[in-house]
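Okay, so here's the structure we're looking at.
The values are calculated or read from the model by the stated rules, or taken from the named source; none is laboratory data. The shown structure was predicted, so the numbers you read here are calculated from the model rather than taken from an experiment. Positions of Cβ are generated from backbone atoms using ideal geometry, with glycine treated the same way; all protein chains shown enter the neighbour counts.
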Amino acid sequence: MTDDFAHRLPLNQIRDGERVDLSADESERAGVAERLGLRGLERLEAHAVLDRKGEIVRARGRLKASLCQSCVVTDEPVDARIDEAFDIYFLPEPAADGSEEEVELVEADCDVVFHDGSAIDLGSAIADTLALGLDPYPRSAGAEAALKEAGVLSEAEAGPFAALAKPKRSDS
């Protein structure tokens, strides 16, 4: 994790049920945009409620972002908005002494971030959550026309049933 949107919260100061609101400033947004390969990041906000049980912290909330990516075909700007819920567990870093203590997670526990035992970095976890929410292949309005002009077949034209879709030729 990098510290472009670092917001470290000391474990001993986290209270069960605490609400945290984060909003990236201009330099933080620029750092996250550069790390994620975005053309721009106009807004990055998160609201979370923290639950703490010992050294385990759960952050549940909502991430909102307004950003601009590059079209994978034309390199034109593609604006996007992200508004999604997140559920992140912060667990102590596993012991480095070779002992493998197993951590039991339920099926719903998909986002796990390890912490150093003294603080969690909610901001970096939010930036990573944003990265997971990005469209991996953003396309502009002109992408299909550019692909067709370059001779690239669409999925329907190149798929396994494309030959069946073509009209039969009748021999007279």
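Note on segment 13-34: residues that are more than 26 Å from residue 53 (Cα to Cα) and exposed (fewer than 12 other Cβ atoms within 10 Å of the Cβ) amount to 3. Hey, can you tell me all the residues within segment 77-116 that are acidic (Asp, Glu), surrounded by 10 or more Cβ atoms within 10 Å (Cβ to Cβ) and either touching a Pro at 6+ places or on another chain (Cβ under 9 Å) or modelled with pLDDT under 70 (or both)? Of everything in segment 77-116, those that are acidic (Asp, Glu), surrounded by 10 or more Cβ atoms within 10 Å (Cβ to Cβ) and either touching a Pro at 6+ places or on another chain (Cβ under 9 Å) or modelled with pLDDT under 70 (or both) turn out to be 109, 116.
Based on this model, can you work out whether residue 4 counts as part of a loop (DSSP other than H, G, I, E, B), crowded, with 17+ Cβ neighbours inside 10 Å, at negative phi and at pLDDT below 95? Yes. Among the residues making up segment 62-76, those that are modelled with pLDDT under 95 and among the charged types (D, E, K, R) are 75, 76. Taking the criterion of being loosely packed, with under 12 Cβ neighbours inside 10 Å and part of a strand (DSSP E or B), the only residue of segment 35-55 that qualifies is 53.
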